[in-house]
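**Q** I have a structure I would like to understand better, so I am pasting it below and will then ask my questions one at a time.
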Amino acid sequence: MKIVLVSAVALIDADGRVLLAQRPEGKPMAGLWEFPGGKVEPGESPEAALIRELHEELGIDTQESCLAPLTFASHAYESFHLLMPLFACRRWQGTVQGRENQDLAWVRPNRLRDYPMPPADLPLIPVLRDWL
């Protein structure tokens, strides 16, 4: 089974809320909410992938030193196995805005389960909630 490496981030604002992005129509698992991020390209580190994805998807810039490894997900989907490190980030430049027609929500950690998420994201919630 093919292993897909995806890097994700819990962006945490000054009020302790976490950013979720809704997968847009036309993408697999459309309508589900997820932590921002994306596939790690060949030759790219998970941190570099996040920096690139945050700029492309949300219009913000951050640095590797602002990304703290928190936990990871390992989940078998039907056609691939997902390995997804989750980083925490509290510092970035710019204003968060959906640049790919995705809805965004700043969510209190104890409300993360109120948003339907892909199966791989669900085990990340208790770790993030306990950490915050």
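Every read-out reported here was derived from the displayed coordinates using simple, explicitly stated rules and does not represent laboratory data. In this text, all values refer to a predicted model and were calculated from it rather than measured experimentally. Ideal geometry is used to build each Cβ from the backbone, glycine not excepted, and the neighbour counts take in all protein chains shown.
**Q** Would you mind ranking 66, 89 so that the residue whose beta carbon has the fewest other beta carbons within 10 Å leads the list?
**A** 66, 89
**Q** Taking only C-alpha pairs under 8 Å that are 6+ residues apart, what is the relative contact order of the chain in percent? Kindly include the intermediate steps, with their values, before the conclusion.
**A** Working: 260 pairs, mean separation 43.1, N = 132.
Once divided by the residue count of the chain, the mean separation gives 33 percent.
**Q** Using a 10 Å Cβ count of at most 10 others and DSSP loop calls, identify the longest part of the chain lacking such GluC sites (Glu not before Pro).
**A** For GluC sites (Glu not before Pro) (loop position, at most 10 other Cβ atoms within 10 Å), the longest site-free span of the chain is 79-132.
**Q** Out of the trypsin sites (Lys or Arg not before Pro) in segment 1-100, which ones are loop residues according to DSSP with at most 12 other C-beta atoms within 10 Å?
**A** The qualifying sites are 2, 91, 99.
**Q** Also, quick follow-up: If I model a spin label at residue 30 and residue 132 as a point 7 Å from the Cα along the Cα→Cβ vector, what separation in nanometres do I get?
**A** 2.8 nm
**Q** Additional query: Evaluate the charge dipole of segment 3-131 about its Cα centre and quote only its size in Debye, nearest 20, assuming +1 on the Cβ of each Lys and Arg and -1 on the Cβ of each Asp and Glu.
**A** For segment 3-131, the charge dipole is close to 360 debye.
**Q** Taking one equal scatterer on every alpha-carbon of the chain, how large is log10 of I(q)/I(0) by Debye at q = 0.10 1/Å?
**A** -0.28
**Q** When a footprinting reagent is the concern and you count Cβ atoms within 10 Å, what order do 106, 92 take, fewest first?
**A** Ranking 106, 92 by Cβ neighbours within 10 Å, fewest first, gives 106, 92.
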